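K.L.:
Structure below; questions to follow.
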Amino acid sequence: MQTYRYFLNRNKNGNGFSELLNGKIFVDKTGLIEEINEKISTKEKWVCVSKPRRFGKTMALEMLAAYYTKGIHTEQLFLPLNAAKGKTFKQHLNAHNVILVNFNDYFNKERSIQESISLFSSRLLKDLQNTFPDILDESCDLSLSLDMICQLTGEKFIFLIDEWDSIFRTKRQEKEEQEIFLDFLRLLFKDKEYIELVYMTGILPVKKYNTGSALNMFQEFTMLEPKKLAPYFGFTENEVKELCKKHEAPSLEELKEWYDGYCAEEYGNIYNPRSVVEAIREQKCRDYWNKTGGYSELEEYITQDFDGLKTAIMQMLTGESAEVNVLGFSNDLNSFQNKDEIITALIHLGYLTYSNGKAWIPNKELAEEFTNSIKKMSWGILTKLLRQSKNLLTATQNKEADVVASFLEDIHDDLQEFKEYNNEHTLKCVIHLAYYAAQEDYYLQFEENAGKGIADCLMFPRKKGIPGIILELKYNKSPQEAIKQIKQKNYIKKIQQSAKQILLVGINYSKRTKKHQCLIEEI
């Protein structure tokens, strides 16, 4: 009679991947297998992949479990896929002792760390005793038992661990328990001959959880440095194009606007995979990611009281990037020291993307969530801008120039938190935010090449019956000069194919009088 297995070589290890293959929408990520095979029994055998929720971490883990686990036969699952083309495919197929575990099931807020370690260890020991009888006795601890098996039988082990960092999210303030957990992992994994591979996934990286760098042997693949594993977590542009060909789906342009934008170095941008799949299933682009966990953490982090944080968020909401120093982040979600650590945490959590020292909001899905979060909070002028943005757009469409100027005047009177308002760059940021609601009805392009110059903002209608808008800003000049520039440099040519009616909007701000002026012409 076969004995029950908690973790080791479970005969159900192929089920998760088989269900994935049976799904209507499948993207072949099995090329990851060859990348991981190269690390088995080498000095790179410790791997940690940290990605946001719903970026394919668990599916990849299930795939690896189906491929590596002894005692089951999964060759037929993989033969039609990219993995079968790999040089080492046959060598490692169903050839390893696999210990598969989701740490969220054990290391959670319901148990103390000692209880969690004891429960996990006792169950894995039971698996080992059932698999290797007459070798172990009840007095052996987990690490010693694995070492004895390795010495006496030559058998080694692959650990596949999901949600490795769950304790650092569920017990964010309990530093002592976190240290005990890290010591447990260090004693279990570091410099152990019985280890062929440790492959862990989570949201956060590992190296800076304590000064001793207990797990410094891990090679990390993060949102900051995705490296060679970048294409396997999230969808590439070519993969989304193929999905659009196979399925009745929103257009590639829509999917790109909503879900693209995560930087992956030389591999290009990456799409949020969960949201793309949901958009194809539902035949509609909208915010799907928040269904998977909620955005309360976004509100919690961006309300932290650090100098420069609000200004950085404001910049990013306008589509610009904000400079960030990611080196000081300690991978601790409870003890932030400055705005840079907040922004770095948001990068790891998937709310922002990062490249070359700058962070920004990657797509419309996330921009909407930032906007919705800020609308709920008391963020002074920024909250007011976003809430009243629709009214400003309506006044513009109705050619109510005085109302537009009055709105901007009201905003300026309240603009205490942005000390640098009196320069052209920040004026543009405020104007961009003021027209934020226009994104529902328009494709907005800022600083766009048009005619014989660069237009400050072009608004291309998404639907029929609404006017196109060309918006030009002036600083210490006049709205008439703004309108004149639109005409002289022929910005109209860029937009006239998209709209029969076009509104020319000239806005000027006088630093001396601190007054706004607006002029709107229709052509």
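The values are calculated or read from the model by the stated rules, or taken from the named source; none is laboratory data. If you're wondering where the values come from, they're calculated on a predicted model, not measured in any experiment. Please note: Cβ atoms are built from the backbone with ideal geometry, for glycine as well, and neighbour counts cover all protein chains shown. All accessible areas refer to the heavy atoms of the entire protein, side chains included, with ligands and DNA or RNA removed. Shrake-Rupley method; radii C 1.70, N 1.55, O 1.52, S 1.80 Å.
K.L.:
Can you pull out the helices (runs of 4 or more DSSP H) entirely within the range 224-317 that have at least 2 residues that are acidic (Asp, Glu)?
P.N.:
The helices (runs of 4 or more DSSP H) meeting that bar are 237-246, 252-259, 273-282, 296-302.
K.L.:
Within the range 356-384, how many residues are under 26 Å from GLU254 (Cα atoms) and open to solvent by less than 60 Å² (accessible area, probe 1.4 Å)?
P.N.:
Number of matching residues: 14.
K.L.:
Would you pick out the residues in the range 241-272 that are farther than 19 Å from ALA367 by Cβ and open to solvent by less than 10 Å² (accessible area, probe 1.4 Å)?
P.N.:
If the condition is that a residue be farther than 19 Å from ALA367 by Cβ and open to solvent by less than 10 Å² (accessible area, probe 1.4 Å), then LEU243, ALA264 are the ones that fit.
So that you can scan it fast, the table gives a plain yes or no per residue for (1) open to solvent by less than 50 Å² (accessible area, probe 1.4 Å); (2) touching a Gly at 6+ places or on another chain (Cβ under 9 Å); (3) modelled with pLDDT of 70 or more:
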residue: VAL403; (1), (2), (3): no, no, yes
residue: PHE407; (1), (2), (3): yes, no, yes
residue: GLU420; (1), (2), (3): no, no, no
residue: HIS425; (1), (2), (3): no, no, no
residue: ILE431; (1), (2), (3): yes, no, yes
residue: TYR436; (1), (2), (3): yes, no, yes
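K.L.:
Scanning the range 304-331 for residues that are of a type in the set (Val, Ile, Thr) and modelled with pLDDT of 85 or more, which turns out nearest to ARG387 (Cα to Cα)?
P.N.:
ILE313
K.L.:
Continuing with this model, one more query. Starting from residues that are modelled with pLDDT under 95 and touching a helix residue (DSSP H, G or I) at 6+ places or on another chain (Cβ under 7 Å), keep the ones in the range 1-15 and report whichever is farthest from LEU119 (Cα to Cα).
P.N.:
Per the stated criteria, the residue is GLY14.
K.L.:
Quick test for you: out of GLY319, GLY350, pick the one residue that is at positive phi, surrounded by 20 or more Cβ atoms within 10 Å (Cβ to Cβ) and in contact (Cβ under 8 Å) with a residue 12 or more places away in the chain.
P.N.:
None of the other options fit; the residue is GLY350.
K.L.:
Let me ask something else about it. Please find, within the range 117-138, the residue that is surrounded by the most Cβ atoms within 10 Å (Cβ to Cβ) out of those that are within 36 Å of the chain's Cα centre (by Cα) and touching a residue at least 24 places away in the same chain (Cβ under 8 Å).
P.N.:
Per the criteria, the residue is LEU124.
K.L.:
Tally up the residues in the range 4-52 that are under 27 Å from TYR106 (Cα atoms), open to solvent by less than 40 Å² (accessible area, probe 1.4 Å), part of a loop (DSSP other than H, G, I, E, B) and not aromatic (Phe, Trp, Tyr), please.
P.N.:
Matching residues across the range 4-52 total 7.
K.L.:
Is it the case that ASP305 is of a type in the set (Asp, Glu) and open to solvent by less than 30 Å² (accessible area, probe 1.4 Å)?
P.N.:
Considered against the rule, which asks whether it is of a type in the set (Asp, Glu) and open to solvent by less than 30 Å² (accessible area, probe 1.4 Å), ASP305 comes out as no.
K.L.:
Being among the hydroxyl-bearing types (Ser, Thr, Tyr) and either surrounded by fewer than 20 Cβ atoms within 10 Å (Cβ to Cβ) or closer than 22 Å to PHE235 by Cβ (or both) narrows it down to one residue among THR69, THR88; which is it?
P.N.:
Answer to the check: THR88.
K.L.:
Can I ask one more? Among the residues of the range 84-106, is there at least one that is assigned to a loop (DSSP other than H, G, I, E, B), polar (S, T, N, Q) and either within 23 Å of SER145 (Cβ to Cβ) or modelled with pLDDT of 95 or more (or both)?
P.N.:
Yes, the range 84-106 has at least one match.
K.L.:
Return a yes/no flag: does the range 388-398 have any residue that is closer than 22 Å to ASP441 by Cβ, surrounded by 16 or more Cβ atoms within 10 Å (Cβ to Cβ) and of a type in the set (D, E, K, R).
P.N.:
no
K.L.:
Give the range 16-42 a look and list any residue that's within 12 Å of TYR67 (Cβ to Cβ) and hydrophobic (A, V, I, L, M, F, W, C), or say none.
P.N.:
Residues satisfying the conditions are PHE17, LEU32, ILE33, ILE36, ILE40.
K.L.:
Out of the residues in the range 330-365 meeting the condition of being in a helix (DSSP H, G or I) and out of contact with any helix residue (DSSP H, G or I) (no Cβ under 8 Å at 6 or more places or on another chain), tell me which one is nearest to LEU444 (Cα to Cα).
P.N.:
ILE347
K.L.:
Could you grab the pairs with beta carbons closer than 7 Å, sequence gap of 6+ or different chains, first residue in the range 93-116 and closer than 12 Å to TRP164 by Cα and surrounded by 20 or more Cβ atoms within 10 Å (Cβ to Cβ), second one among the aliphatic types (A, V, I, L, M) and at pLDDT below 95?
P.N.:
Between residues of the range 93-116 that are closer than 12 Å to TRP164 by Cα and surrounded by 20 or more Cβ atoms within 10 Å (Cβ to Cβ) and residues that are among the aliphatic types (A, V, I, L, M) and at pLDDT below 95, the close pairs are PHE107/ILE167.
K.L.:
Separate question: Which residue pairs have Cβ atoms closer than 6 Å, lie 6 or more positions apart in sequence or on different chains, and pair a first residue in the range 468-495 that is among the polar types (S, T, N, Q) with a second residue that is at pLDDT below 90 and loosely packed, with under 14 Cβ neighbours inside 10 Å?
P.N.:
Listed pairs, sorted by first residue: ASN476/LYS511; ASN490/LYS452.
K.L.:
In addition: Filter the range 279-302 down to the residues that are open to solvent by 20 Å² or more (accessible area, probe 1.4 Å), at pLDDT below 85 and within 16 Å of TRP258 (Cβ to Cβ) and list them by number.
P.N.:
The answer is ASN290, LYS291, THR292.
K.L.:
Right, next: Taking the stated definitions as given, is GLN219 surrounded by fewer than 18 Cβ atoms within 10 Å (Cβ to Cβ), touching a strand residue (DSSP E or B) at 6+ places or on another chain (Cβ under 7 Å) and of a type outside the set (Lys, Arg)?
P.N.:
yes
K.L.:
Follow-up question, since we're still on this one. What is the residue count in the range 139-156 for residues that are open to solvent by less than 40 Å² (accessible area, probe 1.4 Å) and in contact with a helix residue (DSSP H, G or I) (Cβ under 6 Å, 6 or more places away or on another chain)?
P.N.:
3
K.L.:
Collect the residues in the range 322-347 that are small (Gly, Ala, Ser) and without any contact (Cβ under 8 Å) to a residue 40 or more places away in the chain, keeping them in residue-number order.
P.N.:
Of everything in the range 322-347, those that are small (Gly, Ala, Ser) and without any contact (Cβ under 8 Å) to a residue 40 or more places away in the chain turn out to be ALA322, GLY328, SER335.
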